[in-house]
1. If you scan the range 238-283, which residues turn out to be surrounded by fewer than 18 Cβ atoms within 10 Å (Cβ to Cβ) and among the hydroxyl-bearing types (Ser, Thr, Tyr)?
2. Of all residues in the range 256-278, how many are closer than 27 Å to Gly72 by Cα and touching a helix residue (DSSP H, G or I) at 6+ places or on another chain (Cβ under 6 Å)?
3. Could you grab me the full set of residues in the range 117-141 that are assigned to a helix (DSSP H, G or I) and in contact (Cβ under 8 Å) with a residue 12 or more places away in the chain?
4. Of all residues in the range 1-60, which are modelled with pLDDT of 95 or more, over 20 Å from Gln271 (Cα atoms) and either in contact with a His (Cβ under 6 Å, 6 or more places away or on another chain) or of a type in the set (S, T, N, Q) (or both)?
5. Quick test for you: out of Ala241, Ala266, pick the one residue that is in contact (Cβ under 8 Å) with a residue 12 or more places away in the chain and not in a loop (DSSP other than H, G, I, E, B).
6. Would you be able to say whether some residue in the range 88-106 is within 16 Å of the ligand (Cβ to nearest atom), surrounded by 14 or more Cβ atoms within 10 Å (Cβ to Cβ), in a helix (DSSP H, G or I) and at pLDDT 95 or above?
7. If we scan the range 270-290, do we find a residue that is under 23 Å from Phe29 (Cα atoms), among the acidic types (Asp, Glu), more than 14 Å from the ligand (Cβ to nearest atom) and in contact (Cβ under 8 Å) with a residue 60 or more places away in the chain?
8. Are any residues in the range 61-73 away from the ligand (no atom under 13 Å from the Cβ) and buried (at least 16 other Cβ atoms within 10 Å of the Cβ), and if so, which ones?
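The values are calculated or read from the model by the stated rules, or taken from the named source; none is laboratory data. Since the structure is predicted, the reported quantities are computational estimates derived from the model, not experimental observations. Neighbour counts are summed over all protein chains in view; Cβ atoms, including those assigned to glycine, are modelled from backbone coordinates with ideal geometry.
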Amino acid sequence: MTEEAPPSLSAALRPVLPSPLQETGDERFTSRGLRLLLKRDDLIHPDLPGNKWRKLAPNLKAAAGRPVVTFGGAYSNHLRAVAAAGRLLGFDTVGVVRGDELAGRPLNPSLAQCAADGMRLHFTDRAAYRAKRDPAVLARILREAAGDIAPDEVYVVPEGGSNALAALGCADLGRELGGELGRAGGDALVVGVACGTGGTLAGLAAGLPRGGRAIGFPVLRGGFLGEEIHAIQRAAFGGPAGNWSLDERFHFGGYARTPPVLDAFAADFEQRHGLAVERLYVAKMLYGLTALAEEGAFPPGAAVTAVITGRPAP
Ligand SMILES: Cc1ncc(COP(=O)(O)O)c(C=O)c1O
């Protein structure tokens with residue numbers, strides 16, 4: 001909720017909004033009478049890039065300075081963003097990390113960055129992590145993770161930052177695109193976004209103008225995401241919102257799998273367009289959109305817009 005972020009948040013973090021929209025002239029699209037545009041959400045903020053800003057800004061406003069507890073895997077972009085926000089805005093952060101076997105090992109660079117930003121890390125076993133939506137399990141995790149902070153004083157942000165407020169924040173992305181490309185009209189505005197927990201797609205679709213549609217490219221295997229997105233939309237908007245679909249063909253084996261064919265595609269895209277392509281999410285979405293263009297899936301004249309939701313990890 002860009003406009004409604006409290007002055008302290010926007011003043012301290014100075015997001016670049018609306019994010020730039022760039023025409024690529026990519027011939028795999030232009031040769032078919034299509035445009036490929038890049039919505040550069042990765043440029044919104046150096047520490048809270050892309051969907052991290054859009055999802056976290058309304059949640060940090062709701063947290064109102066309380067300690068924030070959140071969840072993620074050992075390489076989670078979301079954990080890094082929450083830790084950085086805590087450092088920049090001066091609130092406590094606790095990261096619950098999947099996998100208690102990591103507890104005794106040296107921190108990987110991503111978790112080391114979280115710790116350097118002041119995040120308290122708590123490693124939890126995978127069974128408890130999976131069951132964290134069960135209120136009793138969550139209460140136990142919070143008791144163990146929060147240490148001297150009273151569990152009822154913390155603000156809990158779910159894994160990946162996807163909740164109703166996050167979807168409301170991501171609806172701004174759809175509205176921005178509507179303002180920038182709404183003139184494309186009809187079925188000519190097609191927006192691609194990579195999906196992990198689905199909050200970004202849930203909000204984006206809701207904010208798009210009538211006639212616009214969003215395609216989500218899940219990076220995890222499993223086919224469970226559609227129901228998750230419906231649940232997020234029910235919580236945020238009271239029911240289904242906007243025109244969206246999922247194309248489940250481009251996960252490349254699952255989360256964090258980046259086979260050579262994907263890497264080659266991403267390296268080529270970087271050469272063509274001078275964009276550093278984040279491999280775990282953004283590369284899969286760009287590959288999917290390009291494959292769909294080659295399959296003839298878009299109507300002539302369509303403004304195919306790729307949301308660049310993040311940057312390669314440092
Ligand atoms: C770079 C990037 N793109 C896309 C996503 C997917 O977002 P969501 O979990 O809202 O589906 C993530 C995960 O948060 C991400 O880090």
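1. Within the range 238-283, Ser245, Tyr255, Thr258 qualify.
2. Number satisfying all stated conditions: 3.
3. Arg126, Ala128, Tyr129, Leu138, Ala139, Arg140, Ile141
4. Hits for the range 1-60 are Pro15, Ser19, Asn51, Trp53, Asn59.
5. Result: Ala266 is the single residue among Ala241, Ala266 that is in contact (Cβ under 8 Å) with a residue 12 or more places away in the chain and not in a loop (DSSP other than H, G, I, E, B).
6. No, the range 88-106 has no match at all.
7. Within the range 270-290, none of the residues are under 23 Å from Phe29 (Cα atoms), among the acidic types (Asp, Glu), more than 14 Å from the ligand (Cβ to nearest atom) and in contact (Cβ under 8 Å) with a residue 60 or more places away in the chain.
8. If the condition is that a residue be away from the ligand (no atom under 13 Å from the Cβ) and buried (at least 16 other Cβ atoms within 10 Å of the Cβ), then Lys61, Ala63, Pro67, Val68, Val69 are the ones that fit.
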